[in-house]
Amino acid sequence: MALQLVRPLCVFDLETTGLQITKDRIVQIAVIKLFPDGLTESFNELVNPCQAIPAEIATIHGITNEMVADAPTFEVLAPRLLDFIGAADLAGYNSNKFDIPVLSEELLRCGIDFDLGARHFVDVQNIFHKMEQRTLAAAYQFYCGKQIENAHNALYDTLATLEVLQAQTEKYPDLDNDIAGLAKFSTVGNKQADFAGRLAFDENQEVCYNFGKHKGKTVAQVLKLEPGYYGWMLEADFPLYTKQVLRKEMERIKASNTSQNIEDKLELLKNKFKKP
């Protein structure tokens, strides 16, 4: 069963200087853009991270400091990358937890707001774990009958991820093959309000905390219970996008409270001047 695409799907993978979303940087980005008519285009670039690649990380993905010394920085690549992605939906392997948060951090450092609500995000790993509980290499063997020859190279991992996603829709007839359905199925837990999953939407579509002692409570509720929690999050080592979503929610709450106060005052005035 072939993928049903309403708009293009960009399957992508990142290689980085490490696994810390807020501190590490991209050293390679590869994207395969699949169009509804089945045609594909690719984007594959090394990136100068402007910081050292630890030796133990270089042994994993094979990208050394020398290889990226003359590569463009992410800030230079960003306009061309965004133009390539366009309005496409995104897919990757463990992308909801790592690649998308890292990409959004890099874009925000460049002053570019990457809108979470504008597109669908399909995490092939989440589909795989719900169905089979394996790794990418095992998924490639299980679904495609192939061995990954060059693991931890972003382009090869991206190609494998796309093949696995296509094979998953063929193997499971009851699995939606449209991107909106796959995005919903590959989401774990509440719908995320930020890329890192620190904030989520509750059943009333209000932004709530998705971790720690206030997990499940809305931002508005915690503001009343512990006003300083908001300030702590802004100062702590959370992703820039998480902080941006939190700021916007606080602005919405303040605007809503102001509007309510005005309505209450108007009601008091109306009652005061009511004819007996």
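The values are calculated or read from the model by the stated rules, or taken from the named source; none is laboratory data. What you are looking at is a predicted structure, and each value in this text was computed from that prediction instead of being measured. We place every Cβ from the backbone using ideal geometry, glycine too, and count neighbours over all the protein chains shown.
Look through Asp13, Asp24 and report the one residue that is closer than 21 Å to Asn153 by Cα, under 23 Å from the mean Cα position of the chain (by Cα), assigned to a loop (DSSP other than H, G, I, E, B) and not β-branched (Val, Ile, Thr). Can you show your working first?
On the way: Asp13 fails: assigned to a loop (DSSP other than H, G, I, E, B).
Selected residue: Asp24, the only one of Asp13, Asp24 that is closer than 21 Å to Asn153 by Cα, under 23 Å from the mean Cα position of the chain (by Cα), assigned to a loop (DSSP other than H, G, I, E, B) and not β-branched (Val, Ile, Thr).
So how many residues does the range 85-109 have that are surrounded by fewer than 16 Cβ atoms within 10 Å (Cβ to Cβ) and closer than 19 Å to Pro72 by Cβ?
Looking only at that region, the number is 1.
So, of the residues in the range 160-191 that are out of contact with any strand residue (DSSP E or B) (no Cβ under 7 Å at 6 or more places or on another chain) and within 27 Å of Ile60 (Cβ to Cβ), which turns out to be surrounded by the most Cβ atoms within 10 Å (Cβ to Cβ)?
Going through the qualifying residues, I end up with Ala160.
Which pairs do you get when a residue that is assigned to a helix (DSSP H, G or I), found in the range 44-67, comes within reach of a residue that is of a type in the set (A, V, I, L, M), reach meaning Cβ atoms under 8 angstrom, with the pair 6+ apart or on two chains?
Once the first residue is assigned to a helix (DSSP H, G or I) and sits in the range 44-67, its partners that are of a type in the set (A, V, I, L, M) give His61/Val27; His61/Ala154; Asn65/Ala52; Asn65/Ile53; Asn65/Ala58; Met67/Leu46.
If Val11 satisfies every condition in (1) surrounded by fewer than 21 Cβ atoms within 10 Å (Cβ to Cβ); (2) of a type in the set (A, V, I, L, M, F, W, C); (3) within 26 Å of Arg198 (Cβ to Cβ) but one, which is the exception?
(1)
Could you look through the range 18-32, keep only residues that are among the β-branched types (Val, Ile, Thr) and surrounded by 22 or more Cβ atoms within 10 Å (Cβ to Cβ), and pick out the one that is modelled with the lowest pLDDT?
Looking only at the range 18-32, we keep the residues that are among the β-branched types (Val, Ile, Thr), and these are 21-22, 26-27, 29, 31-32.
Among the residues that remain, those that are also surrounded by 22 or more Cβ atoms within 10 Å (Cβ to Cβ) are: 21, 26-27, 29, 31.
Details: Ile21: 89, Ile26: 97, Val27: 97, Ile29: 97, Val31: 97.
Restricting to residues being among the β-branched types (Val, Ile, Thr) and surrounded by 22 or more Cβ atoms within 10 Å (Cβ to Cβ), the top hit is Ile21.
Quick one: is Asp157 among the acidic types (Asp, Glu), free of Cβ contacts under 8 Å to residues at least 12 places away in the same chain and not assigned by TED's automatic domain parsing to the domain that holds Lys248? Lay out the reasoning, then the answer.
Working: among the acidic types (Asp, Glu): yes; free of Cβ contacts under 8 Å to residues at least 12 places away in the same chain: no; not assigned by TED's automatic domain parsing to the domain that holds Lys248: yes.
Criteria not met by Asp157.
When the range 34-62 is examined, which residues are found to be at pLDDT 95 or above, within 22 Å of Glu105 (Cβ to Cβ) and crowded, with 16+ Cβ neighbours inside 10 Å?
Phe43, Glu45, Leu46, Val47, Asn48, Pro49, Ile53
Would you say Lys184 is under 15 Å from the mean Cα position of the chain (by Cα) and free of Cβ contacts under 8 Å to residues at least 24 places away in the same chain?
Values: under 15 Å from the mean Cα position of the chain (by Cα): yes; free of Cβ contacts under 8 Å to residues at least 24 places away in the same chain: yes.
Yes.
Please go through (1) loosely packed, with under 13 Cβ neighbours inside 10 Å; (2) in contact with a helix residue (DSSP H, G or I) (Cβ under 9 Å, 6 or more places away or on another chain); (3) without any contact (Cβ under 8 Å) to a residue 60 or more places away in the chain for Val6 and return the number of the only condition it doesn't satisfy.
Looking at each condition in turn, Val6 falls short on (3).
Under 9 Å between Cβ atoms, at least 6 apart or on separate chains: pull out the pairs that start in the range 13-33 with a residue that is outside the structural domain of Ala87 (by TED's automatic domain parsing) and acidic (Asp, Glu) and end on any residue that is assigned to a strand (DSSP E or B) and modelled with pLDDT of 95 or more.
none
For the range 69-167, which helices (runs of 4 or more DSSP H) that fit wholly inside it have 2 or more residues that are hydroxyl-bearing (Ser, Thr, Tyr) and either modelled with pLDDT under 90 or more than 20 Å from Leu46 (Cβ to Cβ) (or both)? Write out each step before concluding.
Details: elements: 74-85, 100-109, 124-131, 136-144.
Counting at least 2 such residues, we get 136-144.
Return the residues of the range 192-224 that are without any contact (Cβ under 8 Å) to a residue 60 or more places away in the chain, in a loop (DSSP other than H, G, I, E, B) and either loosely packed, with under 14 Cβ neighbours inside 10 Å or touching a helix residue (DSSP H, G or I) at 6+ places or on another chain (Cβ under 6 Å) (or both); say none if nothing qualifies. Talk me through it step by step, then tell me what you get.
Keep residues of the range 192-224 that are without any contact (Cβ under 8 Å) to a residue 60 or more places away in the chain, which gives 198-224.
Now restrict to residues that are in a loop (DSSP other than H, G, I, E, B): 198, 202-206, 210-211, 215-217.
Within the range 192-224, Arg198, Glu203, Asn204, Gln205, Phe211, Lys215, Gly216 qualify.
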